[in-house]
Amino acid sequence: MTSPVALDPELETDAEPVKGEQKLEGRSPGQLMWQRFKRDRTGVICAVVVILYFVVSLAAPLLVKLSGTDPYTLYGQDPTYADKPILDQFGLPLGYFGGVSGDHWFGVEPQYGRDLFAMLVYGMRTSLFMALGVTVLLMVTGVVIGLIGGYFGGRTDYWIGRVTDFFLSFPQQLFFIAFMPVVTAFFVDPREETPTYFRALAMLIVLWLLGWMSMARLVRSTVLSLREREFVEAAKVSGASPARIVRKEILPNVVTPILVQFTYSLPSTILTIAFLSFAGVGFVEPTPDWGRLFAAAANYTEQDPAFLFFPGLALVIFVLAFNLLGDSVRDAFDPKSGR
């Protein structure tokens, strides 16, 4: 009688996983995406930077209160602050680098003496949340139109495509400048000052009308490839309604391009809003805005180039961080597209 052969521990298939080895069984696509994203140091750093910008924007009133300034007071002309002169006889900031001091952390504006730190954080608040609202509206509109055109096809897709082509034919930058005064003139007497809330609403309408097309085309092309897949055909055979198929089968599979497109669209929208204010058809005095800071800096560049430094640096960091974050999100969802 032969004795039983002892099994080699190294050959046992039911052994515990090697230390440090990660078990991927049972994880959802979202969990796998999050694991990949956390390993991307660039993406994590950029996410922290972007979150910090939004926190600063939300906390703008508190930060300005801590600095002891506000974005509206003309510190260089208000007699109340005559005992602390901050401008010379030519209207240029006293001191170094645009008047940076303990009272004015980023310096002051030439001619008027407004605090640049207060103007910047409030300008970020205006631009970021305006751009966030516009981008969300663009994404929702583009997704709905793209889903309808891509799923139903035929004449529906044809006419949606023609409408999309019509809006794409407009030269956006020129149309922004030309159409903004027209929108405000319909509702506001040219002899009266346009309220800030109405300017914001007019910008939202113009940016929405001319910005949803790229999202709609992206979603449409994705849905066209998905509607012929086996799981969609199986849902049709089972008697599921089109609304349920779109909501349960197709929409979850277009989340990835939607999120990636969102991370690219938000900084682009911020730059567009800044462009409108720079061109004089967006936010105007005295509303703090990123674009208006650049417009003011264009007048002071020769005498006080330091005035442009902090707004320009803040905008470059934010746009760069958000674009790199978009690359990291894309790579986390699709590791085959890794950089």
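The values are calculated or read from the model by the stated rules, or taken from the named source; none is laboratory data. Since the structure is predicted, the reported quantities are computational estimates derived from the model, not experimental observations. For neighbour counting, all protein chains shown are included, and Cβ atoms are generated from backbone atoms with ideal geometry for every residue, glycine included. These area figures cover heavy atoms from the full protein model, side chains too; ligands, DNA and RNA do not enter into them. Shrake-Rupley method; radii C 1.70, N 1.55, O 1.52, S 1.80 Å.
The set of residues in region 270-291 that are β-branched (V, I, T) and surrounded by fewer than 21 Cβ atoms within 10 Å (Cβ to Cβ) comprises V284, T287. Taking region 310-322 as the range and being within 23 Å of Y96 (Cα to Cα), surrounded by fewer than 17 Cβ atoms within 10 Å (Cβ to Cβ) and in contact with a helix residue (DSSP H, G or I) (Cβ under 9 Å, 6 or more places away or on another chain) as the test, only G312 passes. Of all the listed residues (A321, A314, A274), the sole one being touching a Phe, Trp or Tyr at 6+ places or on another chain (Cβ under 6 Å), part of a helix (DSSP H, G or I) and in contact (Cβ under 8 Å) with a residue 24 or more places away in the chain is A274. Restricting region 12-61 to residues that are within 30 Å of R125 (Cβ to Cβ) and part of a loop (DSSP other than H, G, I, E, B), the residue that is modelled with the highest pLDDT is A59. Out of the residues in region 66-118 that are out of contact with any Asp or Glu (no Cβ under 9 Å at 6 or more places or on another chain) and not in a loop (DSSP other than H, G, I, E, B), state the one that is nearest to A296 (Cα to Cα). Top of the filtered list is F117. Restricting attention to region 101-124, does a residue exist that is of a type outside the set (S, T, Y), under 16 Å from the mean Cα position of the chain (by Cα), open to solvent by 50 Å² or more (accessible area, probe 1.4 Å) and modelled with pLDDT of 90 or more? There is no residue in region 101-124 that is of a type outside the set (S, T, Y), under 16 Å from the mean Cα position of the chain (by Cα), open to solvent by 50 Å² or more (accessible area, probe 1.4 Å) and modelled with pLDDT of 90 or more.
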